[in-house]
1. When the chain is treated as a GNM, springs tying every alpha-carbon pair under 10 Å, which of LYS106, LYS237, LYS304 comes out with the largest mean-square fluctuation?
2. Can you compute the modelled spin-label distance between MET32 and ARG279, with each label point 7 Å from Cα toward Cβ, in nm?
3. Before anything else, pin down the relative contact order of region 2-358: Cα pairs under 8 Å, at least 6 apart, normalised by residue count, whole percent.
4. What size of dipole, in debye to the nearest 20, comes out for the chain about its Cα centre when the only charges are +1 on Lys and Arg C-beta atoms and -1 on Asp and Glu C-beta atoms?
5. Checking the table LYS213/LYS294; LYS106/LYS237; LYS216/LYS237; LYS106/LYS294; LYS107/LYS304 against a 32 Å threshold on Cα-Cα, which pairs fail?
6. In nm, to one decimal, how far is the modelled label at LYS288 from the one at MET112, with both set 7 Å along Cα→Cβ?
7. May I ask you to derive the FRET efficiency for LEU270 and LEU20 from their Cβ-Cβ distance with R0 = 56 Å, giving the value to the nearest 0.05?
8. Between ASN128 and residues 5 or more places away or on another chain, which pairs have amide H atoms under 5 Å apart, with H built 1.01 Å from N, and which residues are they?
Amino acid sequence: MLSLLSDDLRLVLSMALALLIGWNIRRPVFKMAILREFVDKPNKRSSHTGSVPNIGGIVVFLSFLSSFLLFVRFEAHVEFQYVLLGAILIFLIGIYDDLLRISPRKKVKGEMLGVLVLLVGGGTYLSNLHGFLTLENISPWLGIPLTFVSMIGLINAINLIDGIDGLSSGIAWMDCLFFGLWFYFCGYIEYALLCGILTASIIPFFFVNLFGKRTKMFMGDSGALMVGFLLGVMAIKFCEDDIHLQGMCAVKSPIGVVFCVLAIPVLDTLRLFASRWMRGKSPFAPDKRHLHHKLLTIYNGVHKKATFTILGLNLLFILWACVGRNWRNEILVGGAVILFAVMFYIVDLLAKRKMAKNNPL
C-alpha cells in the first residue's frame, strides 16, 4: 500500500508519524524515568537544579525507528539496513551509559562498532575530497580511516555540546533540515526522508527539553550519540554523490559546506580537546569551558538565551556554507575557523568581564 504513495506524500506522512509518536510517548517515557529513578542528579558541573530524567533519547529513537521502518524503501538503498543497525548499536551503548554509567573508553568502543558496521557492511565512506588540499579521488586505504575518525569525532562532538537545554537537539534539527532540503531538491528522496524523519523525531524532544516544566527531560547519550551518527551518514552522502553537478543544487565544495554546517560542535570540541591536552589533562576530562558555559555566565545561567544565541550562530555558519558552496573548500573551511575564533574570543571576553563584575576583589 505504501508503495503506491507519491514520494512527496511519503515524506509528509513519515514526518507527521514521527512527530505524532514523539509527542505522545514523551509523557510515558518521563513517568517511567521518574518511577525507575533514571535521572540526572545535579553536581558541580551541572547547569540545572533538581533531578531530571536523562533518557529522552528514547523518545527520539522510537519515533525515528518506527517511521523509518514504515516509510523508507530499503530496496532503493541497500546501505540503509547498515545505517539502521549502526544507529541501533550506538543507541544501545548510549542508553547503557545513561542508566549504568560506563567509562569513556568503553563508550568509544561501542561507537566504533556502530561506525564499522556502516563502513564495512554498508560500504559508506569518503572516496573523493573534491579538491580539498589538492586531493580528488582517494583510495579506500585513506577514505575508510578518514571516515572512521571523522564519524567518531562528530558523534562525540554532538554529545559534548549536549550541556544545556535545547542546544544539541536544536543544532541537530537545523542541520538535518539543511541536508534534507538539499537532498529533496536534488532528487535523493530516500535520504530526504531520513533527514525529515529525524528532524520530526527531534522536534518534540526539543520543545520538551527547552520549554518543558512538568515533563522536562535530557536527551542523554542514547539520543546524542545516535543523532551524531545519523548526521555523519548525511554528511558522507552529501560529499559522495554527484549533487555538486546538478543545476540549482550545484555544489563545487561539498567538503567545505559540510564542515561549515557542522562547524560549531566540531570546532568547539577540537578547541576543548586542544585546551585540555595543553593543560596535561585527558581530552575527555569534564570541565566548564564549552562555548555554552561561557554564554551561561554572560546570561546569568538562563539556558534559553544561551541556546538561541548558539542556534543563531549555527544559522550564520549554514548561510556561510550556502553562499560559498562554489568557492574553494579551503576558503570555506578557513573562513569558518576564523569566524568561530572571533566569535569565541568575543564571548570569552564578555564572560570574563561578567565574572569580574560579579566577583570584584
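Read the figures in this text as sums done on the coordinates, not as results from a lab. Because the structure is a prediction, the values reported are computed rather than measured. All Cβ positions, glycine included, derive from the backbone under ideal geometry; neighbour counts span all protein chains shown.
1. Answer for the Gaussian network model of the chain: LYS106.
2. Taking the simple label geometry, MET32 and ARG279 are separated by 3.8 nm.
3. Relative contact order of region 2-358: 21 percent.
4. It comes to approximately 1980 debye.
5. Over 32 Å apart, Cα to Cα: LYS216/LYS237.
6. Inter-label distance under the simple model: 3.4 nm.
7. That gives a FRET efficiency of 0.90.
8. Counting only residues 5 or more places away or on other chains, the set is ILE138.
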